[in-house]
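First up is the structure itself, then whatever we jot down about it.
The values are calculated or read from the model by the stated rules, or taken from the named source; none is laboratory data. Remember, predicted model here, so these are calculated numbers, not experimental data. Cβ placement follows ideal geometry from the backbone for every residue including glycine, while neighbour counts extend to all protein chains displayed.
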RNA sequence: GGGAGCAUAGCUCAGCUGGUUUAGAGCAUCUGCCUUACAAGCAGAGGGUCCUUGGUUCGAACCCGAGUGCUCCCACCA
C-alpha cells in the first residue's frame, strides 16, 4: 500500500513525537539485570545554566555512546543531574537581588538561602529539558542534584571522614581580598588589567655585626613601596656574583629600621629589576610561599578595609593608596630612593566592586592531596583508566606529581556548609551536626576539668554549650568528586544493588579544562571510597570555537542560540553539524555565520528522505516477483546486492573499529559516505528499473534491508530521522523500534555471498565504478550529451570479469557494450587497468583532446615507472628492505609497464 | 617564566608500525546537466614547496635537532 510522504522530513513535530514515544516506552530507563552494563554519568551542568555549544557537543557525544551501547545489547544507563555550582549560582542570585535593590549584606544567611532556593526552583533544570530536545537518552528516573538531601549528607560525611583520617586540616592561605566589599574572591572573580605602574628602586642599608647600619646598601625594586613596612627579608639569587658578599648578612627596613635577613633563593631572577627582591609574606602570594620556605616572620600591616594597621608602625589608619603617595617623598627625602622607572604590569581588580585586589592571609580548610594523588596517578599511568586522546596522560602526570593541597573553603553561603563548630575559646569541633559537635566539646570540657565522663554528664554539659558553625561553604568540586558513585547512593548506602551493578562507569565525557578540578579528584574519591576506579575511559572533547578561532563565550556574544538552531535545522542536523568536525581532544571550529555544517546535516537528512521516497515509489509501481530462470541470471540479477552486502559489512567493521577508538567524527564520515555515495549514488542507481518496468523483487527486498541496516548504523548520531525512516520503510509491530533494535555482533556478520569472496565483489565494484566514471569523463570532455547513444567495445584479456557487471555498465553510461578488438578510426579510447575501452559515436571525436588526455596519463605513468625502477635498481634497497616491500615494488613496476603499453597502443590506434 | 600541543588543497581535517603516497576526504571553486527520488540535486574536473632548515635511513608528510608561526594550560614575576 502506498504511503504518502511529505516533501521533507518534518523534524519539528517528528522529533518531539519520537522522543516522547521512546520515553513512554521506557527505553531509557535502566535497572540492573544480567546484561553487561554500560554506564555514563553526565558531567552535571550548573543548575541554573542554559544549553550552550559546549553542552551540545559534550552531550551529543555521550548520547552517541549510550545509544550505540544500547544497540549492542548492553544495559545502557545514562544518569542525568545538575550541580549547585556555588560560585556561579550565588553570583547570579546576588545580581538578581541587586536588580531588585537588595544588597546581600543586608540579608541574613537564612534569608539569602531562601532566595537562592527560590531561584533554583524557578530556573533549575531548564537545561535538562533542553537536553531532551537534543535527543539525549537519559534515564529520567535517576535525576540527581548535588544538594539533594542524601547527597548533601554524603558530602558532609566525607568531610568528617577525611578530617578524622587526618586528611583535612585548617591552615592560612593567601587569598584575593576585596577591601571595598570586605570579602574573599575566587581566582575567577579577579580581572587582571594592564596598568602603567612605576618601579621604585630603594636602597636598604646593610648592617654590621653589631646591628649598626654600614655604608653598604642593597637596592631592591618594587611597585608597591608602601608594603616595605611589612618586609621580613630581602632575597637574592644564590649564584648572583653581585650579592655573594652579602649572603648571611642583614639589612634595615627603611624608615622603621627593622632588621631583616638577606636570604638566597633560585626563585629570584638575576636579570629582573636590581636582582634583589624584598619579601613581604603578608601581602604577596609569592612572597608568602618564599616566607614559608624560609620560615620568615609574617607582618600583616593592613586591616580588612585596606587601611594600615598598628603593625605597620607608620601611617596607621591611612588607606594603602594614600600611604603610597606619602611614603615616596619620605623615602626620597631620607635618601632611600635611587630611581623611579615606568613599568607596565597587570593589576588585579575585583569583578564585583572594581577595587584593586589585595592579597591577604586568611584561615582556610585544606585537603592533603599527596596520599590521595598517588594511587590516582598510578591507575592512569598503568592504563587502568584510559585517556582519549592519550596526550592528556602527560598533563595529568605532571600535575599529579606536583600536586598542591586543595583549598576547599569558600566565603559563600550557597553550598554545603562546613561542618565545623567553634566555641569561644578558639577550639573547633568537626562533626556531622551541631549535636555531635557539642558532645565533642562537652567531652573536651569534662576532660579538662577532670570530671567523670558518662553519657549523662556529657549530655548535660553539652546542653549548656554555645557553639557557632563555620560560616563558609565547601568548594563545588568537593561535592562533584563523589558524583560517579553517589548518584547511585554508593556512599550513603554502601554496597547497594545499583552501585554494585553500574559502578565503575564505562566512559566519562568531559572538557580537558577540568581534568584537574574534576577528573583527577573523581579518581581519588572513587579509589578512596569505592576502592575502584570511577570510569574505564575518559574522552576529552575539544573546545568549541567560532569561525575566527575564538572560544565561544557569553561575553563575546559569539555563541549561537542552540534552541533556535534546533528549531530551524532539526536536532539531527545540529548533532551532525557538531560531530562531523570534532575529533577527540581537538578544538572544533564551528562556523556560526555560514552554518555550513548544519546545512550539510540537513542536506543529508533530505538525501535520505529522498531515497526513502524512491523506494516508496517503486513499491507503488509494483514489484516483479518472477524467479530467476537460471543460476547465471540469479548471479547477475543479484550482483548489486552481493556487492553492497560486501561493502556494507566492510563499512560496519570500519565504523566499529573507529567507534571503539572514540574516533566519532570519522565514524560519522564513514556512515555518511556509505549512505550517500555507496547506497544512493551507486547501489540505488544500479538496481533502478527501466522506465515503466517494475522493480525486481530481489532488488527491492535487499534495498529495504540495506536501508534498515544503514539507519541502524547512523541511529546513534541522528536518532530521529533514522527512526522515522525505519518505520516508514515497513509496517512494524508495536515495540519494533530502531532505538532498541540490537544489531548483529561483528563476528556474526554473515556474508552469504555465493561463489565469491567479499573482496572479489569489492574489486569488481571498484572496476565498475572506475569504468563508469572514465566513460562519463570522456562524454564530458567530448561534449556528448547523456542522451547521445554510444557504443563501447572492450578489449580485455579476461572478459569473465565483466560478466555480471556488463549490463549495469552499459545502462549507467547509456552505451551498447561489446567485447573484442574493434578499434575504429575516429573513436575515443580510455584505459582501465590494462583493458581498453573503445568508444564509438556518430559525432566527430575531438582527437586532440583525446590525445592530450592519453599523453598526460602516459607522462604520469612514465614518471612513476622511473621512480619505481630507480628504487629497484638501488642495491641497498633490495638488500635492506623487507622482502614483501621489494615484491610489491616489483609488482608496481610490472603494472606500470603494462599500463604504459596499453596507453601507447591506444595512442597508436588513434592515428 | 614553567608545561603541553599544533603547522598537510581556499577552509576544516584524515594520513595508525617510515615502504599500495607522485599525499586522501568533506566543504568551497570550476564545467556540463531542470536525466521519470533528490537543483538542498546529478555527472565530471581542477586544486599541494606536506611551515623552514639540518640530520638519521636504502627510503621521511611520518623519526631526531634547530628555527619560525599559532594555540592551550599553569604561575602570573618584584
Discussion item. Looking at the range A:508-530, can you tell me whether even one residue there is without any contact (Cβ under 8 Å) to a residue 24 or more places away in the chain, more than 30 Å from residue A:444 (Cβ to Cβ) and assigned to a loop (DSSP other than H, G, I, E, B)?
Written reply: no
Worksheet item: So how many residues does the range A:451-492 have that are over 27 Å from residue A:405 (Cβ atoms), surrounded by fewer than 24 Cβ atoms within 10 Å (Cβ to Cβ) and modelled with pLDDT of 95 or more?
Response: 1
Worksheet item: Can you spot a residue in the range A:707-715 that is assigned to a loop (DSSP other than H, G, I, E, B), under 15 Å from residue A:605 (Cβ atoms) and either away from RNA strand B (no atom under 11 Å from the Cβ) or in contact with a strand residue (DSSP E or B) (Cβ under 9 Å, 6 or more places away or on another chain) (or both)?
Response: yes
Worksheet item: Of everything in the range A:146-179 that's surrounded by fewer than 18 Cβ atoms within 10 Å (Cβ to Cβ) and assigned to a strand (DSSP E or B), which residue is modelled with the lowest pLDDT?
Response: A:172
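I need the strands (runs of 3 or more DSSP E) fully contained in the range A:810-911, keeping only those with at least 2 residues that are away from RNA strand B (no atom under 15 Å from the Cβ). Break it down stepwise before answering.
Details: elements: A:815-819, A:828-832, A:835-840.
Correct list: A:815-819, A:835-840.
Working only within the range A:487-527, note down all residues that are at positive phi and out of contact with any helix residue (DSSP H, G or I) (no Cβ under 9 Å at 6 or more places or on another chain). Break it down into steps so the answer makes sense when it comes.
Of the range A:487-527, the ones at positive phi are A:489, A:495.
Within the range A:487-527, just A:495 meets the criteria.
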Worksheet item: When the range A:320-356 is examined, which residues are found to be modelled with pLDDT under 85 and either exposed (fewer than 15 other Cβ atoms within 10 Å of the Cβ) or out of contact with any helix residue (DSSP H, G or I) (no Cβ under 9 Å at 6 or more places or on another chain) (or both)?
Response: A:341, A:342, A:343, A:344, A:345, A:346, A:347, A:348, A:349, A:353, A:354, A:355
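Out of the range A:225-248, which residues are surrounded by fewer than 16 Cβ atoms within 10 Å (Cβ to Cβ) and within 53 Å of the chain's Cα centre (by Cα)?
Step one: list which residues in the range A:225-248 are surrounded by fewer than 16 Cβ atoms within 10 Å (Cβ to Cβ), which gives A:238-239, A:241-242, A:244-245, A:247-248.
A:238, A:239, A:241, A:242, A:244, A:247, A:248 - these are the residues of the range A:225-248 that are surrounded by fewer than 16 Cβ atoms within 10 Å (Cβ to Cβ) and within 53 Å of the chain's Cα centre (by Cα).
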Worksheet item: For the range A:635-682, which residues satisfy the criterion of being in contact (Cβ under 8 Å) with a residue 40 or more places away in the chain, closer than 30 Å to residue A:387 by Cα and within 9 Å of RNA strand B (Cβ to nearest atom)?
Response: A:661, A:663, A:665, A:666, A:669, A:672
Discussion item. Looking at the range A:781-804 only, could you name the residues that are within 21 Å of residue A:686 (Cβ to Cβ) and within 15 Å of RNA strand B (Cβ to nearest atom)?
Written reply: A:786, A:787, A:789, A:790
Worksheet item: Which one of the conditions (1) within 15 Å of RNA strand B (Cβ to nearest atom); (2) touching a helix residue (DSSP H, G or I) at 6+ places or on another chain (Cβ under 8 Å); (3) free of Cβ contacts under 8 Å to residues at least 60 places away in the same chain does residue A:423 fail to meet, given that it meets all the rest?
Response: (1)
Worksheet item: Got a number for residues in the range A:309-356 being under 22 Å from residue A:251 (Cβ atoms) and touching a residue at least 12 places away in the same chain (Cβ under 8 Å)?
Response: 19
Practice prompt. Name every residue in the range A:259-278 that is modelled with pLDDT of 90 or more and either closer than 14 Å to residue A:202 by Cβ or within 7 Å of RNA strand B (Cβ to nearest atom) (or both), in order of residue number.
Written response: A:260, A:278
Fill in: Looking only at the range A:180-198, and only at residues there that are over 18 Å from residue A:320 (Cβ atoms) and part of a strand (DSSP E or B), the one that is nearest to RNA strand B (Cβ to nearest atom)
A:192
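Restricting attention to the range A:51-108, which residues are in a loop (DSSP other than H, G, I, E, B) and buried (at least 24 other Cβ atoms within 10 Å of the Cβ)?
We begin by selecting, within the range A:51-108, every residue in a loop (DSSP other than H, G, I, E, B); these are A:51-52, A:72-74, A:80, A:84-85, A:100-103, A:107-108.
Passing the criteria: A:80, A:84.
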Practice prompt. Consider only pairs whose beta carbons are under 9 Å apart and that are at least six residues apart or on different chains; among these, list those whose first residue lies in the range A:763-774 and is on the phi < 0 side of the Ramachandran plot and whose second residue is within 8 Å of RNA strand B (Cβ to nearest atom).
Written response: A:765/A:682; A:768/A:682; A:769/A:682; A:772/A:682
Worksheet item: From the residues in the range A:357-397 that are within 12 Å of RNA strand B (Cβ to nearest atom) and in a loop (DSSP other than H, G, I, E, B), which one is surrounded by the fewest Cβ atoms within 10 Å (Cβ to Cβ)?
Response: A:390
Worksheet item: If you scan the range A:385-416, which residues turn out to be over 21 Å from residue A:174 (Cα atoms), touching a strand residue (DSSP E or B) at 6+ places or on another chain (Cβ under 6 Å) and touching a residue at least 24 places away in the same chain (Cβ under 8 Å)?
Response: A:386, A:387, A:388, A:392, A:415, A:416
Discussion item. Residues that are in a helix (DSSP H, G or I) and either modelled with pLDDT under 90 or more than 30 Å from residue A:26 (Cα to Cα) (or both): does the range A:724-735 have at least one?
Written reply: no
Item to complete: Could you pull out the residue among A:589, A:556 that is within 12 Å of RNA strand B (Cβ to nearest atom), more than 27 Å from residue A:132 (Cβ to Cβ), surrounded by 15 or more Cβ atoms within 10 Å (Cβ to Cβ) and at pLDDT below 80?
Response: A:589
